[in-house]
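These notes concern the structure reproduced below.
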Amino acid sequence: MKKHLLIAACAVSFMLAAFVSCSSSKAGSQAEPLPEPSNLDYGLSRTENLDFIFNTASLGKTTIVIKRSEWNRLCDDYRYFYKNENCVHAECYVYEKDGRAWTLQNVGFRLRGNTSRICPQGIDNGREQGQKSYSWNPDYFRNAEKPNDDYRQSHFKVDFEEFLGDDDEQKMAGCLKGIALKRMDNSCTREIFCYDLFRKNGIWTAPRASHTRLLLNIIEDLEDNSVTTVNFGVYEMFEEVNKQSLKERDSENNAAANAWKNNKGNLWKGHSDLTAGSIAEAGVEDIRIFYEGDTVEGNNVVYKEDGNGRIGYVFDSYRLDLKTNKDKLDSAKKELNGFITDLNNLPDAADENDTAAIEQIKAFYEKWFDMDFFLKTYAINILCGMDDDYWGNKNNYYLYFDTGKNGSGKVYFIPFDYDNSLGNSIFEGGFEHNPLEWGRGEDRPLMDKLLQVPEYKQKFKDYLLEVSSNEYWSYERCSKLFYDWGAMCGPYLFSPDLDCTYVGVNHFFTDYIWCNYGYSLTKQYNNLYDATRQSFERWLVK
């Protein structure tokens, strides 16, 4: 960790200059000059910009400049109400990659994550988070009660438009209103690998992701404007599923034959089984701390003064969270309710000869889905060993309704959040389970009903066998990716600036799998790729 002088404060002039080293509290990365302000598109289209930014073959570098008072507020807000989604103010955000750079001033910066959210510095009151069941992580709780000033890897979000007026815009490269930064597991690559695998197989709905270094320059609020640079190691940077990603994937920007036609439809983030009662779980989330003078509305308001201006918080959370058209919640819920109601009113086919029931089920899916695309999407989901998903844990997916003016009328299932994959699954055993019984018997009508249609069931089996045997799932390609990414990230993984004593810190590359002991991401003997293909063949081929 290096402390140095800020020659020109970017909060005032936004002309960023080199930082001159003046003192050091512990060994860390040397301060490097930041580029001058820029937010260029370099003459590229939305898709070309995104493909460049998220190119997985090279390592980016992200720098956040933030005042110590704002950083402390970020940590104190966590300790007050850890789930909050309040942004603090960062002076600027810089992203550099392959000779290009983007610099944006006055951005929002916050913590993110669900059960994996932690405080990035100081005391972590983790016992208030309801995570006591995580007995596999005892170090977390020891550190939660240990007063210290250590820095820890946490998940972050940068919002480029948080502090702009309602009608103002500040998009990176003309296509990103924000970015998510996620600390990684020791394989450094699971989620990046999975998103890349979807896209290699033609599933263009999947987000993009790549590796980035992360540096924080913290202005110390002192007369000399001294700055502490903290090296946070290597992070996953991923494209959020939001209005901007909808635009990039519409038929004007996306050459796919089944691209959606309208980017103004309703987008729902799902943590729901989509059973008959699910519509009661739909709404617009509001999770925030409120301060003196704030107007407070919501169903779950808690008043809790702390003497620092915080007087309470709102915790309105929904299992189906509307992400677009939030001012039209009633009409969005009506559309969603029609979909869920029709799904749950489908009959159960007595057997494969129950033609009437099968045709009724098939008519529903043909109306709402591009079935080949949906079945292939879910086949790759299972190939990745992802069971923290809709079918397994009723979790981690989006539904986009391409409806409204000029829309196709279809629903798109968007895969999301693949840290629990590739042998690190919620249900131990992962891919060794029957892929046609991935839900372990739980009620999941979206998958349960379609498998009653013999045509769909056979196509699903065919896709499972296809994606597990094509070139993108070969040992040769996949192991090389992991080796290459390990070599690329390896020199930057360890940071002496971070507290490396708690479980979850990523400071070296390992061939890391917690389930399916003995399977490997990189070693040819008993590798995960051949083992998965062979497991599918045992279950699916008579």
So if the hydrodynamic radius of the range 58-126 is defined as the Kirkwood radius over C-alpha pairs, what does Stokes-Einstein give as its diffusion coefficient at 10 °C and 1.306 mPa s, in µm² per second?
120
Which values, in whole Å and largest first, are the semi-axes of the equivalent ellipsoid of the range 301-422 obtained as the square root of 5 times each eigenvalue of the Cα gyration tensor?
35, 21, 15
Can you pull the one-decimal nm distance between simple spin-label points at Glu352 and Asp221, each 7 Å off the Cα toward Cβ?
6.9
At 1.567 mPa s and 4 °C, plugging the Kirkwood radius over alpha-carbon pairs of the range 161-240 into Stokes-Einstein gives what diffusion coefficient in µm²/s?
85
The percentage of the accessible area of the range 295-394 (probe 1.4 Å, all protein chains present) made up of carbon and sulfur atoms, to the nearest whole number, is 41
Suppose accessible area is computed on protein heavy atoms with a 1.4 Å probe; arrange Tyr519, Tyr78 from highest to lowest.
Tyr519, Tyr78
Rounded to the nearest whole Å², what accessible area per residue is found for the range 413-486 with the 1.4 Å probe?
38
Looking only at the range 237-272, which residues have a backbone nitrogen under 16 Å from a spot 7 Å from the Cα of Asn344 in the C-beta direction?
271-272
How much accessible area per residue does the range 173-262 have, in Å², with a 1.4 Å probe?
25
How much of the accessible area of the range 397-495, in percent, comes from carbon and sulfur atoms when a 1.4 Å probe is used?
49
Looking at the square roots a ≥ b ≥ c of the eigenvalues of the Cα gyration tensor of the range 416-485, which shape do they give, rounded for a/c under 1.5, prolate if a/b is larger than b/c, or oblate?
oblate
Under a no-solvent Debye model with one identical scatterer per Cα of the range 268-346, what's log10 I(q)/I(0) at q = 0.12, 0.22, 0.26 Å⁻¹?
-0.44, -0.95, -1.15
Show me 308-320, 247-259 ranked by packing, highest mean number of other Cβ atoms within 10 Å first.
308-320, 247-259
For Ser331 and Tyr525, compute 0.36 nm times the residue count separating them, minus their Cα-Cα distance, and round to one decimal in nm.
64.4 nm
P(r) of the range 245-295 over all Cα-Cα pairs, 10 Å bins starting at 0, rounded to whole percent, reads 19, 27, 29, 20, 5, 0
Over the heavy atoms of Lys323, what accessible area does a 1.4 Å probe trace out, to the nearest 10 Å²?
80
Rounded, prolate or oblate: pick one for the range 222-329, where a ≥ b ≥ c are the square roots of the eigenvalues of its C-alpha gyration tensor, a/c under 1.5 means rounded, and failing that, prolate if a/b is larger than b/c, else oblate.
oblate
What's the FRET efficiency of Phe427 with Asp499 using the Cβ-Cβ distance as r and R₀ = 25 Å, to the nearest 0.05?
0.20
Per residue accessible area of the range 64-127, 1.4 Å probe, in Å²:
28
Report in % the part of the accessible area of the range 46-120 that belongs to carbon and sulfur, leaving out ligands and nucleic acids; probe 1.4 Å.
39
Give me the distance in nm between label points sitting 7 Å out from Cα along the Cα-to-Cβ direction at Asp98 and Glu466, one decimal.
2.9
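The values are calculated or read from the model by the stated rules, or taken from the named source; none is laboratory data. Note that the coordinates shown come from a computational prediction; the quantities given were computed from them, not determined experimentally. Methodologically, a virtual Cβ is constructed for each residue, glycine included, from the backbone with ideal geometry; neighbour enumeration extends over all protein chains shown. The area values use the complete protein model at the heavy-atom level, side chains included, leaving out ligands, DNA and RNA. Shrake-Rupley method; radii C 1.70, N 1.55, O 1.52, S 1.80 Å.
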